[in-house]
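**Q** What follows is a single structure, and I will ask about it in a moment.
The values are calculated or read from the model by the stated rules, or taken from the named source; none is laboratory data. Worth saying up front: this structure is predicted, and the values here are computed from it rather than measured. Cβ: placed from backbone, ideal geometry, glycine included. Neighbour counts: every protein chain shown. In case anyone asks, the SASA skips ligands and DNA or RNA and just uses the protein heavy atoms, side chains included. Shrake-Rupley method; radii C 1.70, N 1.55, O 1.52, S 1.80 Å.
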Amino acid sequence: MSSNIPLAERLRPDSLDNYIGQSHLVGENGIVRKMIESGKVNSFILWGPPGVGKTTLARIIAKATQSSFYTLSAVSSGVKDVRDVIDKCKNEVSGLFCKARPILFIDEIHRFSKSQQDSLLGAVEQGIITLIGATTENPSFEVIRPLLSRAQVYTLKPLEITDLQTLLERAIQNDNFLSERKFDIQETNALFRFAGGDARKLLNIIDLIDQSTKDGETIIINDKIVTELLQENPAAYDKNGEMHYDIISAFIKSVRGSDPDAAIYWLARMVAGGEDPEFIARRLVILAAEDIGLANPNALLLANATFDALRKIGWPEGRIILAECTIYLASSPKSNSAYLAIDRALEEVQKSGNMPVPLHLRNAPTKLMKDLGYHEGYKYSHDYDRHYVNQQYLPNGLSVSNFWIPAQNPQEKKLSDYLGYLKNK
């Protein structure tokens, strides 16, 4: 017999002693445990992936500190809802029997607009509420700066395999319904892989296996049963969220670091997660110019051809084109000398401002311009031996004139040697 209440809700812990994971926050020297023990809980934001205990931790804190607990979801709540809760908290704080500041828990706080977040500032500043926000997105991008300055951010991590094992054992032994069933746990690799560090997902899978097994029969857990039951493992990938930025960052750094295997792995993660192929292709073009650069100028040609071919071929064959370019770029020699050169030049432009173009470099299409000395003294390079003549091309008064510093690779050494050959003829 099964309960209508999901297993994840039935097993939700109500104290730190039963809380699984996040030892860096709730362990012996964890900051959250210390706050609870001292009874002084400041406003903070819990940032982490789904199913790692953000809501549960907020509820535990409220119970342990004997604080009133108000909860709002940023998906369905507006400014009026926030103000209504704050008014209730004001009345409570002003009462004679208030033991602790009320806690306002806002789930998915990253979905609050700027005006909604602004409406919290006064209550947090005045100590009317203790704000606990929960978000799966990077607060640096999604939470307004004034609110971040008033609320510490604590990062929650995906559950480790040992945590998932503990959770599995607790579900089987402690749940009122599952404890009456007989289990045969043969393998847990697929179970933990599908859970992906998400406690709720793990418990939902166990719930699903329980519901698919007849009453009186032994519940068998092995890789084959779990895989067949779930059919496939949808890639955990949010194209607009934190994981999007983390994975593209890992991809870029793997190509830059000349590790084609890692680069292909992160490419596969993006492909499996449904990333926009043109987004990946654009990153490859940028990589070719920024990180391979003059060490292998053909890289930019191939990356640009990859972008064009992807548009012509489409999906899913386009993944092969992306893979070829990724491996080529990761395996190419690297140089960022062009990238550094333009940044040095831009820095000089900021310092020196709009320096005038030397007169001899200016065109003189009118008589007045000729009379003013425009173009006078300009030397046409092709009139000279080796098509080169030494003359001034930079404006006067620059603090720096050497912007391109060739990297130590054969291609750039060849370019540098040729310039040296011209200048020293």
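**Q** What is the dipole size for region 182-236, taken about its Cα centre, with +1 at each Lys and Arg Cβ and -1 at each Asp and Glu Cβ, in debye to the nearest 20?
**A** Computed charge dipole of region 182-236: roughly 140 debye.
**Q** I would also like to ask the following. Taking the simple approach of a point 7 Å from Cα along Cα-to-Cβ for both HIS244 and ASN304, what is their distance in nm?
**A** 2.8 nm
**Q** Let me ask another. Name all residues of region 8-48 having a backbone nitrogen under 18 Å from the label point set 7 Å from the Cα of GLN165 along its Cα→Cβ direction, giving them as ranges.
**A** 20-23
**Q** Provide the per-residue ³J(HN,Hα) series for region 274-281, in order, calculated from phi with Karplus coefficients 6.51, -1.76, 1.60 and θ = phi - 60°, each as a whole number of Hz, with x at glycine and proline positions.
**A** x, 4, 5, x, 5, 4, 5, 4
**Q** Please compute the per residue accessible area over the chain with all protein chains in place, 1.4 Å probe, rounded to a whole number of Å². Let's see the in-between values first.
**A** Working: 24010 Å² over 425 residues.
Computed with neighbouring chains in place, this is 57 Å² per residue.
**Q** Follow-up. Can you give the helix-only mean residue ellipticity at 222 nm for the chain, where every DSSP H stretch with n ≥ 4 adds -39500 (n - 2.57) and the sum goes over all residues, rounded to the nearest 500 deg cm²/dmol?
**A** Only helices count here, giving -14500 deg cm²/dmol.
**Q** Given a 1.4 angstrom probe, I'd like the percentage of the accessible area of the chain that is carbon and sulfur, rounded to a whole number. Before the final figure, lay out the partial values.
**A** Details: 12380 of 24010 Å².
After summing per-atom areas, the C and S share lands at 52 percent.
**Q** Of the options PRO365, ALA250, THR56, report the single residue whose Cα projects farthest towards the positive end of the charge dipole of the chain (beta-carbon charges: Lys, Arg +1; Asp, Glu -1).
**A** Checked the options; the winner is PRO365.
**Q** Could I ask something else about it? Any chance you could give the angle, 0 to 90 degrees and rounded to 10, that helix 298-313 forms with the longest Cα principal axis of the chain?
**A** The answer is roughly 60 degrees.
**Q** Determine, from the Cβ-Cβ distance of VAL349 and SER179 and an R0 of 56 Å, the FRET efficiency 1/(1 + (r/R0)^6), rounded to the nearest 0.05.
**A** It comes to 0.20.
**Q** Let me ask something additional. With +1 on the Cβ of every Lys and Arg and -1 on the Cβ of every Asp and Glu, and nothing else charged, how large is the dipole of the chain about its Cα centre, in debye rounded to the nearest 20?
**A** Around 1480 debye, computed over the chain.
**Q** Along the charge dipole of the chain, Cβ charges K/R +1 and D/E -1, which of GLY273, TYR384, ILE185 sits furthest on the positive end?
**A** TYR384
**Q** From the list (1) 4, 18, 22, 20, 18, 11, 5, 1, 0, 0; (2) 4, 15, 18, 18, 17, 12, 7, 5, 3, 1, 0; (3) 5, 22, 33, 28, 11, 1, 0, can you say which value of P(r) over Cα pairs in 10 Å bins from 0, in percent was derived from the structure given?
**A** Given (1) 4, 18, 22, 20, 18, 11, 5, 1, 0, 0; (2) 4, 15, 18, 18, 17, 12, 7, 5, 3, 1, 0; (3) 5, 22, 33, 28, 11, 1, 0, the structure-derived one carries the label (2).
**Q** Check region 1-100 and count each lysine pair with an alpha-carbon distance under 25 angstrom, considering only pairs eight or more places apart or from different chains.
**A** 19
**Q** For region 54-60, just list the computed ³J(HN,Hα) in residue order, Karplus coefficients 6.51, -1.76 and 1.60, θ = phi - 60°, integers in Hz, with x standing in for Gly and Pro.
**A** Those phi angles translate into 5, 5, 4, 5, 4, 5, 4 Hz.
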